[in-house]
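Below: the structure, in structure tokens.
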Amino acid sequence: MDKAFEIQKKARDNVKTLHTYLTDLQNWEIEMKRKEAALNGDLEQEIPPVRSKVKRERPVQVKQKPEKKIVASDYQAWEKFDAEKACEEVDMADIGPVSLDSKKSNKIKTEKLKEEAQYEKERGNSFVKQEKWDEAIACYNRAIELVQDDAIYYANRGLCYLKKDSLHQAESDCTEAIRLDPTYVKAFQRRASAREKLGSLRAASHDLSEVIRLEPHNMLARQQLECIKNRMGTKGSKSKSSPTTPPGETKTAPEKKSKIVELPDSKTELSPLEKWRDGVHENITVIKPVKKPPHLRSKRALKHITIQEIPLGRAIDKSNDTNNNKSTNVTLAADIQEKMVFNVNEKHKESMVVPTNSVQFMSEWKYLKGNDRARGDYLSIIPPDLLPSIFENALESDVLSTVLRTIHNNVDRFPHSVAAYLKNICRVKRFSALAMFLSAIDKELINNMLKHCRDVENLSESEITDLMNKYEL
């Protein structure tokens, strides 16, 4: 029995605790709503009404008699029922009674009317896409009845009248749209089309000029204006905008007298600067830049032209040279390359310094790119036993290939033995991994250098076998 009482007591305590918790939660929710309303400015304090003897005007509410519901079986009444009118009454009923001094209700009503007009405009646009001009005009009429200060509705209705060839109505609608919005380009264009069909070419040209002023990149308006100007030039007095001659009088066109204008002599002497620019009396081909906008430039690949420096006062015979003659270009390129090699050797051989790290070596090595002889001179000043300390972990496979190729091409110009270079290169860290990436050409060069070491430097067979194993030949 004691256990049963304990269970009942615990259940009652739990119910009280739950009730207290729910009450606190409800009070907290009410307090949060009140604070939120105070922050938003919508707090309504419960204040008793002000006592005043002045009578306030109350909004007049017209009592409407409840309409009789139509019986479901009364088909004639349902045929006469106006569903759209009933929907409008329901929408207006949602707004509620408008008080005499309520600006908020007027704003809501205006927004409601704008939404309804926008809906009618969208319906009219769908009818325009289907080329149902009468239905579209009816929709735009309802939109204008709801909102009378929107230029888009008038311009769209003017487009429908223009498609139906009701030109005067189209012109009046576009004029009204321009009055409401003087920067509406479509209204100007549609009024110009209507006036062009009516024959008022001058007025149409004014409208198109205004379009071009508002939109300078409107190519359609420019083309239409050009056509109208051509018609005005060919028709002359036949257009309605130009003055007409009274009946019975014939207007004779004035005779056009041809003028003889003496053109100046086209042969003018060139200044010395212009002669030098054009290469006059010189056996050279002058290449001039062509300035074209991007959309007029050729899409083909550019032609490579070898540029050769010619000393002042010296001419090169190009009598046998043609655009397709590649041998001359090759010889010229070879001559230029030899001159470059000679200049590099003379200027930089004396200034070369033995590198202490891989960064110094790579900067000079890249600078001498393409000049195998200069690279050979650079390697010749480096003692072979310093190569492992210079490269350390920075030797790459492509650099190793170029070093081996340079040693092979300059075998007779090294003060040290070729075998010393090959042995010290093997001492560089991670060389075993680099040897795996040697190409067939690199291995052929190494074989030639080993043959040179055997025949010229008298290297023993055991040392040659050791080098072959290290280079994985």
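Of the residues GLU215, GLU249, which single one is in contact with a helix residue (DSSP H, G or I) (Cβ under 6 Å, 6 or more places away or on another chain), more than 15 Å from ARG191 (Cβ to Cβ) and either modelled with pLDDT of 50 or more or surrounded by fewer than 10 Cβ atoms within 10 Å (Cβ to Cβ) (or both)? From the options GLU215, GLU249, the qualifying one is GLU215.
Are any residues in segment 354-369 assigned to a loop (DSSP other than H, G, I, E, B), under 44 Å from the mean Cα position of the chain (by Cα) and surrounded by 13 or more Cβ atoms within 10 Å (Cβ to Cβ), and if so, which ones?
Of segment 354-369, the ones assigned to a loop (DSSP other than H, G, I, E, B) are 354-357, 368-369.
The next check asks that each one be under 44 Å from the mean Cα position of the chain (by Cα); those that pass are 368-369.
Once the filter is applied, which keeps residues that are assigned to a loop (DSSP other than H, G, I, E, B), under 44 Å from the mean Cα position of the chain (by Cα) and surrounded by 13 or more Cβ atoms within 10 Å (Cβ to Cβ), segment 354-369 yields only LEU368.
Every test in (1) of a type in the set (Val, Ile, Thr); (2) out of contact with any Cys (no Cβ under 8 Å at 6 or more places or on another chain); (3) within 27 Å of ARG373 (Cβ to Cβ) is passed by THR465 save one, and that test is (3). The set of residues in segment 370-400 that are open to solvent by 30 Å² or more (accessible area, probe 1.4 Å) and over 19 Å from LEU445 (Cβ atoms) comprises ILE381, PRO383, ASP385, LEU386, SER389, GLU392, ASN393, ALA394. Within segment 407-425, the set of residues being over 57 Å from the mean Cα position of the chain (by Cα) and of a type in the set (Ser, Thr, Tyr) comprises just one member, SER417.
Within segment 56-76, identify whether any single residue is in a helix (DSSP H, G or I), exposed (fewer than 13 other Cβ atoms within 10 Å of the Cβ) and modelled with pLDDT of 75 or more, and answer yes or no.
Initially, segment 56-76 is screened for residues in a helix (DSSP H, G or I), giving 75-76.
Going one step further and asking which of them are exposed (fewer than 13 other Cβ atoms within 10 Å of the Cβ), we end up with 75-76.
Among the residues that remain, those that are also modelled with pLDDT of 75 or more are: 75-76.
Scanning segment 56-76 turns up at least one residue that is in a helix (DSSP H, G or I), exposed (fewer than 13 other Cβ atoms within 10 Å of the Cβ) and modelled with pLDDT of 75 or more.
Restricting attention to segment 174-183, the residues being within 36 Å of the chain's Cα centre (by Cα) and open to solvent by 40 Å² or more (accessible area, probe 1.4 Å) number 4.
Name the one entry in GLU210, GLU171, GLU196, GLU145 that is crowded, with 22+ Cβ neighbours inside 10 Å and either within 35 Å of the chain's Cα centre (by Cα) or at negative phi (or both).
Details: GLU210 fails: crowded, with 22+ Cβ neighbours inside 10 Å; GLU196 fails: crowded, with 22+ Cβ neighbours inside 10 Å; GLU145 fails: crowded, with 22+ Cβ neighbours inside 10 Å.
Answer to the selection: GLU171.
Check every one of the helices (runs of 4 or more DSSP H) wholly within segment 130-200 and list those with 2 or more residues that are modelled with pLDDT of 90 or more and closer than 20 Å to VAL211 by Cβ. Fully inside segment 130-200 and qualifying: 151-163, 167-180, 185-198. Scanning segment 281-315 for residues that are within 22 Å of LEU270 (Cα to Cα) and either open to solvent by less than 80 Å² (accessible area, probe 1.4 Å) or at pLDDT 75 or above (or both) turns up HIS281, GLU282, ASN283, ILE284, THR285, VAL286, ILE287, LYS288, PRO289. Could you go through segment 193-204 and let me know if any residue there is among the polar types (S, T, N, Q) and closer than 16 Å to LEU159 by Cβ. Looking for residues that are among the polar types (S, T, N, Q) and closer than 16 Å to LEU159 by Cβ, one finds at least one in segment 193-204, hence yes. Close contacts from segment 436-454, counting a first residue that is within 16 Å of ASN409 (Cβ to Cβ) and a second that is among the hydroxyl-bearing types (Ser, Thr, Tyr) and open to solvent by less than 90 Å² (accessible area, probe 1.4 Å), with Cβ to Cβ under 6 Å and a gap of 6+ residues or different chains, come to ASP442/SER401; ILE446/TYR471.
One residue is enough: does segment 439-448 have a residue meeting the conditions of a type in the set (Ser, Thr, Tyr) and under 58 Å from the mean Cα position of the chain (by Cα)?
Within segment 439-448, the first condition is being of a type in the set (Ser, Thr, Tyr), and the residues that meet it are 439.
Going one step further and asking which of them are under 58 Å from the mean Cα position of the chain (by Cα), we end up with 439.
Scanning segment 439-448 turns up at least one residue that is of a type in the set (Ser, Thr, Tyr) and under 58 Å from the mean Cα position of the chain (by Cα).
The values are calculated or read from the model by the stated rules, or taken from the named source; none is laboratory data. From a predicted model like this one, the values you see are computed outputs, not experimental measurements. When we count neighbours, we look across all protein chains shown, and the Cβ atoms used for this are built from the backbone with ideal geometry, even at glycine. Areas reflect the complete protein model, heavy atoms only, side chains present, ligands, DNA and RNA absent. Shrake-Rupley method; radii C 1.70, N 1.55, O 1.52, S 1.80 Å.
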